[in-house]
Amino acid sequence: MREPREYEAPLCAEIGGNFWFPEPTGDANDSFRAKRICASCSHQSECAEWGIQNERHGIWGGLTENERRLLRRRMKITVRDSA
């Protein structure tokens, strides 16, 4: 599985911004904006899979932290803590 930094021209890299890592008590529009951008990215499914397998924070492939947590629980996937 490729890391997102290896993707060819992902939309998130072109746009940038802090809304990819919204605060839990922050503005819901940040998550909505990021998810909308992800929905039109050619790497969405690959990035979502990466996020499910590897990332605890942020929005990856249009999935929030909570959405990935629920999927991991169903899929019995554990994300290892970074060293």
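Points to keep in mind about this one:
- For the stretch 1-51, GluC sites (Glu not before Pro) are listed when DSSP marks them as loop and at most 15 other Cβ atoms sit within 10 Å of their Cβ; the list is GLU8.
- Loop sites by DSSP among the trypsin sites (Lys or Arg not before Pro) of the chain, restricted to those with at most 16 other Cβ atoms within 10 angstrom, leave 3-55 as the longest stretch without any of them.
- If you plug the beta carbon distance of MET1 and ARG56 into 1/(1 + (r/R0)^6) with R0 = 25 Å, you get a FRET efficiency near 0.90.
Each value in this text was obtained by applying a stated rule to the coordinates, not by laboratory testing. Here the structure is a predicted model, which is why all the values come from computation and not from measurement. Positions of Cβ are backbone-derived with ideal geometry, glycine not excepted, and every protein chain shown enters the neighbour counts.
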